[in-house]
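Working notes, beginning with the structure itself.
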Amino acid sequence: MRELSVTKGDFDRSVRISVFNKEVKNAVQSNGNISDIHFIPVIKGYEITFNNNGVSEKLCINAKSRFYDGLIIKRYINGKFRKIYFTKDGFAETANKIFAN
């Protein structure tokens, strides 16, 4: 880690994001209602946009928070805020919970 120009916290956050994105891809493959999915990197995490039965949805994933050492996932349906999820581990359960609703 000494050779890298990133801190351990930055490295851990990027690993969390990568694992969560992989779990989202797995959940989407098992759900036939999801289409047109896009993973968009942003400054503090990722945005995932998709259509669920023709309804536009977006997940905003924040990996860098001063007060929480985990992922903060905000779900928007048709541009309106619907729910917030907090997860430090158990990314598969969180992704399945998001796409089950």
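Computed quantities for the displayed model
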read-out	value
Helical mean residue ellipticity (222 nm; -39500 (n - 2.57) per DSSP H run of 4+; nearest 500) of the chain	-11000 deg cm²/dmol
Backbone HN-Hα couplings from phi across the stretch 51-60 [Karplus 6.51/-1.76/1.60, Hz, Gly and Pro as x]	10, 10, 6, x, 9, 6, 10, 9, 10, 9
Pairwise label distance in nanometres, Tyr76 with Ile43, each label 7 Å out on the Cα-Cβ vector	1.6
Cubic angstrom per residue, convex hull over Cα atoms of the chain	104
Using θ = phi - 60° and Karplus 6.51 cos²θ - 1.76 cosθ + 1.60, couplings along the stretch 17-31 (whole Hz; Gly, Pro as x)	4, 4, 5, 5, 4, 5, 5, 5, 4, 5, 5, 5, 5, 7, 10
Note, ³J(HN,Hα) from phi for the stretch 81-91, Karplus 6.51, -1.76, 1.60, rounded to Hz, x at Gly and Pro	5, 10, 7, 10, 10, 10, 8, 9, 8, x, 5
Eligible lysines near Lys58 by straight Cα distance, threshold 18 Å, same-chain separation 8 or greater	Lys22, Lys25, Lys44, Lys74, Lys80, Lys83, Lys97
Linear extension gain, Tyr68 paired with Asn26, 0.36 nm per residue minus alpha-carbon span	12.6 nm
Rounded percent of accessible protein surface that carbon and sulfur make up, the chain, 1.4 Å probe	51
Filtered trypsin sites (Lys or Arg not before Pro), the stretch 64-99: DSSP coil and at most 16 other beta carbons within 10 Å	Lys64, Arg66, Lys88
For the chain, accessible area per residue (1.4 Å probe, heavy atoms of protein chains only), Å²	65
By accessible area with a 1.4 Å probe, ligands and nucleic acids excluded, highest first: order of Ser14, Ser5	Ser5, Ser14
Cα centre as origin, Lys/Arg/Asp/Glu Cβ charges: the stretch 9-101 dipole, Debye	320
Sequence-separation-based contact order of the chain, relative, with Cα cut under 8 Å and 6+ spacing, percent	22
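The values are calculated or read from the model by the stated rules, or taken from the named source; none is laboratory data. Only a predicted model underlies this, so the values are computations on that prediction, with no experimental measurement involved. A quick note on method: Cβ atoms are made from the backbone with ideal geometry, for glycine too, and the neighbour counts reach across all protein chains shown. The accessibility values were calculated without ligands, DNA or RNA, using every heavy atom of the protein model including side chains. Shrake-Rupley method; radii C 1.70, N 1.55, O 1.52, S 1.80 Å.
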